[in-house]
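Notes for the one structure printed next.
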Amino acid sequence: MVKPIFNKVLADNANLTDYKHAQNQIPPLCTQPKRLSSGGINIGYEAIDRHLGTPFEDKVAIRWISKKDQIVEFSYHQLSKQSSAFADLIHHLGLASGSRIYSLIGRRPELYITALGTLKAGCVFTPLFSAFGPDPIRSRMEIGDANVVVTTLALYRKKLKSWWRELPHLKAILLIDGNPDNEPDCFDFHSLLANATQQSTTAKTQPEDIALLHFTSGTTGKPKGVIHVHQAVEHHMISAYYALDLKPTDTYWCTADPGWVTGTTYGIIAPLCLGVTMIVDEAEFDAERWYTLLQDQHITVWYTAPTAIRMLMKAGDALPAQFDLSALRFMSSVGEPLNPEAVEWSNRILGIPFHDNWWQTETGGIMIANYPSEPIKPGSMGQPLPGIEATIINTDDSNQPIEEQAPMIIGELAIKSGWPSMFRGYLNQQQKYERCFTNGWYLSGDLAMRDEDGYFWFVGRKDDLIKSSGHLIGPFEVESVLMEHPAVAEAGVIGVPDPVAGQLVKAFVALKPGISADDELQQALLGLARKKLGAAVAPKEIAFRKNLPKTRSGKIMRRLLKARELGLPEGDTSTLESDEQ
Ligand code: ATP
Ligand code: MG
């Protein structure tokens, strides 16, 4: 029996008429879903099987590069056959539509087969970070009632073996590198796949059927299980077209870990829907490897995150000069605010600028972006996508949108409810979900401002806002100024309680390699901040750290900096990456 997890839909879909209009403005090529003959819609079908019988069929869908530089290619046709076999395999395991299939693997071909096959079977796909420890894995599997897990033998032995049989819903483990111990209910992924039928079949899912369950990054607290439905694919396609400028002629690389929502929406679904060739690199970050890949694979469109960009900046300017990056025509960033310094650096050193865009696990796809076709405003998130209405909601009790004529007032960033990839619930947290909506707006929990040209500027998370002597200070503004100093690799800013000012601004700074912290540098940074921000906003104190605590999706965890500073409990740290202080 599959337990229903679907919460009441709060979306009134009122905004969908505008959305459809925006969708109709663009060429139908691959940017509009081909409905199933049943009238339903299925993400797996849109990504893969819709290309069968078209000129895309034999095109390379995925070029996978292993850690040891082995290259394996899958055409759209091959990926269709493999994912159909996976869908068939799920049914042979006796699992019904709606079952929850979890993946716990890195960027391996089996991940893509699993994700697409799961969706085509009408089941729910949930990716986890393979670097998670046993506890975060177990709690996410318990919350989501996992039925099947696809993983590796090593991960299984290390992280699942001792407890998985205690989970009542978990029926089978599929091991991508075989089952040498012949454990009951553990299966060799590839032999099951080889024995399954490759004939293309797609479950007749309806737009509101659940397709994806994603866990948030856990930056502000305990990660939430976010529910997405098959209709989301409409926005996956259109947003990749508008905000990432993806065309079928592109060779595209998304560096996001598959455990994060970006790794699914823009690391699997959207690029395949649009018929591009996707590069998948199994290895972890390495500056030289990354530049080599960009060059050798002739990558044209690249989607990455500020944390990676900061690491590339840290690796120095001489390295990229050794590579021919001339194929690159569009670069984009998501996940955290992109400091203006990073935009300027990329333009100067890589030859084109990064385009920042904003979205969340809850929004399912990009909402606000610096478009390819519009001027970038460095430091801003850009403008809402066609069909997406964004506003700034007053944080006083009125909860009313701030007039567009009143620019640069801080409020909560909100999106008009009803876009296709809007989340349909927090798993088992209906009240929390309902509290996200007011007067037809979805409240993002982020603070932002809108300028007179309609660009949105990130200020900080609501939880991270600093109130000092009557000033509202967003950490991003202060961090960006510190980043301007050539010695600084990254910065995280928090407010610490102060009896006079309410809160004082404190900055934590990690330096570039080879630079050591001393009083002189500290004074220089304080001076720079005072000059640029004024004494009221500049940090009163700067502490140096080797690294800043980050989530596995690369976000600075300011709440952890604060808890440590104040000697408070650290709260949920299940998504914390190793963190050298
Ligand atoms: P949790 O909700 O568990 O605290 P999280 O919000 O970090 O974690 P995600 O959904 O992965 O989980 O991240 C969305 C958040 O990331 C946004 O709400 C925003 O704070 C931040 N973010 C994403 N893109 C940008 C951007 N371009 N500029 C500024 N912030 C961004
Ligand atoms: Mg969040």
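The values are calculated or read from the model by the stated rules, or taken from the named source; none is laboratory data. Source: prediction; values computed, not measured. Note that each Cβ is placed from the backbone with ideal geometry, even for glycine, and that neighbours are counted across all protein chains shown. For the accessible areas, the whole protein counts, side chains as well, though only heavy atoms, and no ligand, DNA or RNA atoms are used. Shrake-Rupley method; radii C 1.70, N 1.55, O 1.52, S 1.80 Å.
Just a few scattered comments:
- Filtered by the rule that a residue be in a helix (DSSP H, G or I) and within 16 Å of ligand 2 (Cβ to nearest atom), region 225-242 gives no residues.
Condition check ((1) among the aromatic types (Phe, Trp, Tyr); (2) within 10 Å of ligand 1 (Cβ to nearest atom); (3) under 19 Å from the mean Cα position of the chain (by Cα); (4) not in a helix (DSSP H, G or I)) across all residues:
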| position | (1), (2), (3), (4) |
| --- | --- |
| Asn347 | no, no, no, no |
| Ile352 | no, no, no, yes |
| Thr363 | no, yes, yes, yes |
| Tyr371 | yes, no, yes, yes |
| Lys377 | no, no, no, yes |
| Ser380 | no, yes, yes, yes |
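- Failed item in (1) of a type outside the set (Asp, Glu); (2) in a loop (DSSP other than H, G, I, E, B); (3) under 32 Å from the mean Cα position of the chain (by Cα), with Leu560 passing the rest: (2)
- For Trp64, the criteria (1) more than 17 Å from His214 (Cβ to Cβ); (2) of a type outside the set (Asp, Glu); (3) outside any strand (DSSP E or B) hold in every case but one, which is (3).
- Here Arg450 meets each of (1) away from ligand 1 (no atom under 16 Å from the Cβ); (2) surrounded by 22 or more Cβ atoms within 10 Å (Cβ to Cβ) with one exception, condition (1).
- Yes/no for Ser421 being under 27 Å from Leu528 (Cβ atoms) and in contact with an Asp or Glu (Cβ under 8 Å, 6 or more places away or on another chain): no
- Residue match in region 434-445 (condition: more than 13 Å from Trp358 (Cβ to Cβ), within 13 Å of ligand 1 (Cβ to nearest atom), of a type in the set (Lys, Arg) and surrounded by fewer than 15 Cβ atoms within 10 Å (Cβ to Cβ)): no
- Odd one out for Ser84 among (1) in contact with a helix residue (DSSP H, G or I) (Cβ under 9 Å, 6 or more places away or on another chain); (2) surrounded by fewer than 20 Cβ atoms within 10 Å (Cβ to Cβ); (3) modelled with pLDDT of 95 or more; (4) of a type in the set (S, T, N, Q): (2)
- Flag set for Gly514, criterion: outside the structural domain of Ala305 (by TED's automatic domain parsing), at pLDDT below 95 and either assigned to a strand (DSSP E or B) or loosely packed, with under 14 Cβ neighbours inside 10 Å (or both).
- Screening Phe476 on (1) open to solvent by 10 Å² or more (accessible area, probe 1.4 Å); (2) in a strand (DSSP E or B); (3) within 16 Å of ligand 2 (Cβ to nearest atom); (4) at pLDDT below 95 shows it passes everything except condition (2).
- Members of region 199-221 found to be away from ligand 2 (no atom under 11 Å from the Cβ) and open to solvent by 20 Å² or more (accessible area, probe 1.4 Å), listed by number: Gln199, Ser200, Thr201, Thr202, Ala203, Lys204, Gln206, Pro207, Glu208, Asp209, Ile210
- Positions within region 167-224 being in contact with a Ser or Thr (Cβ under 8 Å, 6 or more places away or on another chain), more than 16 Å from ligand 1 (Cβ to nearest atom) and in a strand (DSSP E or B), in sequence order: Ile173, Leu174, Leu175, Ala211
- Candidates Thr292, Thr262 - the one that is more than 21 Å from the chain's Cα centre (by Cα), assigned to a helix (DSSP H, G or I) and of a type in the set (S, T, N, Q): Thr292
- Residue check for Ile309: in a strand (DSSP E or B) and either of a type in the set (Val, Ile, Thr) or not assigned by TED's automatic domain parsing to the domain that holds Phe330 (or both): no
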